[in-house]
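The values are calculated or read from the model by the stated rules, or taken from the named source; none is laboratory data. All values derive from a computational prediction rather than experimental measurement. For neighbour counting, all protein chains shown are included, and Cβ atoms are generated from backbone atoms with ideal geometry for every residue, glycine included. Just so you know, the surface numbers come from the protein's heavy atoms only, side chains and all, with ligands and any DNA or RNA stripped out. Shrake-Rupley method; radii C 1.70, N 1.55, O 1.52, S 1.80 Å.
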Amino acid sequence: MDSQFVAFPPKVLVRELYLIGFRVDPTADGPQFCTLIGSEGDGERPITKGDRLLFFRKPTDAAKALEESDNGFEDVRPVPTELELLCEISEVLYLVNSEAEDKDGLLFELIAVFDDLLRAVKMTVPAEYATVLAAMAERLGESQEFASFLSGSGVTREKLEDALMWCVGAVAVKSTWVG
């Protein structure tokens with residue numbers, strides 16, 4: 001017989017917000033756009049509005065974006081004003097095409113952020129790209145070096161780049177903006 005005791009006292013979920021920035025243009029100074037990702041227990045999800053990812057241009061607009069969100073993080077405080085993570089999309093694309101290692105974890109972090117963003121809007125990554133991204137994330141969880149994985153698995157740099165670009169496009173079309 002399974003025991004289904006309810007923990008007492010109940011486990012208190014720690015809820016936090018993280019400011020995540022994105023830079024597409026490598027010459028831009030700082031993030032070009034941002035979102036907030038909320039953490040609730042073991043899960044993380046971005047703020048949304050009407051089943052769309054909610055982005056804003058300046059970190060100072062985070063509180064305004066949070067007010068407009070509708071997926072349960074509106075009451076979480078404090079609203080961060082400092083970046084927790086800057087997703088360097090252009091840098092990652094360069095890395096994928098030219099380097100052998102993800103020394104700073106940029107590719108690994110970007111895959112994880114895309115995963116959170118796309119899950120929040122219930123987008124299914126095409127199987128050919130999902131396989132590539134999952135395998136790459138698994139590899140990077142073990143080692144920063146990924147070039148030998150690419151050559152040994154038959155996954156091309158172009159296929160990895162295509163998978164990332166698909167994610168960029170999917171995020172773009174499933175988003176809305178504050179300000």
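Look at ASN97 and say whether it is closer than 26 Å to GLY41 by Cβ and either open to solvent by less than 70 Å² (accessible area, probe 1.4 Å) or touching a His at 6+ places or on another chain (Cβ under 7 Å) (or both). Explain how you work it out, then say what you get.
On the way: closer than 26 Å to GLY41 by Cβ: no; either open to solvent by less than 70 Å² (accessible area, probe 1.4 Å) or touching a His at 6+ places or on another chain (Cβ under 7 Å) (or both): yes.
So ASN97 does not fit the description; no.
Have a look at PHE22, PHE73, PHE56 and point out the one that is more than 17 Å from VAL171 (Cα to Cα) and either surrounded by 15 or more Cβ atoms within 10 Å (Cβ to Cβ) or within 17 Å of the chain's Cα centre (by Cα) (or both). Let's see the steps before the verdict.
Details: PHE22 fails: more than 17 Å from VAL171 (Cα to Cα); PHE56 fails: more than 17 Å from VAL171 (Cα to Cα).
Going through PHE22, PHE73, PHE56 in turn, just one is more than 17 Å from VAL171 (Cα to Cα) and either surrounded by 15 or more Cβ atoms within 10 Å (Cβ to Cβ) or within 17 Å of the chain's Cα centre (by Cα) (or both): PHE73.
Having 2 or more residues that are within 17 Å of CYS87 (Cα to Cα) and at pLDDT 95 or above is the bar; report the helices (runs of 4 or more DSSP H) wholly within segment 103-179 that clear it. Break it down into steps so the answer makes sense when it comes.
Details: elements: 106-120, 127-142, 147-153, 157-173.
Fully inside segment 103-179 and qualifying: 106-120, 127-142, 157-173.
Looking at the structure I just gave you, is PHE33 over 30 Å from THR156 (Cα atoms), surrounded by 13 or more Cβ atoms within 10 Å (Cβ to Cβ) and at pLDDT 95 or above? Before you say what the answer is, go through the steps one by one.
Details: over 30 Å from THR156 (Cα atoms): no; surrounded by 13 or more Cβ atoms within 10 Å (Cβ to Cβ): yes; at pLDDT 95 or above: yes.
The answer is no for PHE33.
For segment 125-134, the criterion of a residue being farther than 18 Å from CYS34 by Cβ and touching a strand residue (DSSP E or B) at 6+ places or on another chain (Cβ under 6 Å) is satisfied by no position. With respect to GLU44, determine if the residue is surrounded by fewer than 15 Cβ atoms within 10 Å (Cβ to Cβ), in a strand (DSSP E or B) and touching a residue at least 40 places away in the same chain (Cβ under 8 Å). Here the answer is no, as GLU44 does not meet what is asked. For segment 106-127, the criterion of being over 13 Å from the mean Cα position of the chain (by Cα), among the charged types (D, E, K, R) and on the phi < 0 side of the Ramachandran plot is met by no residue.
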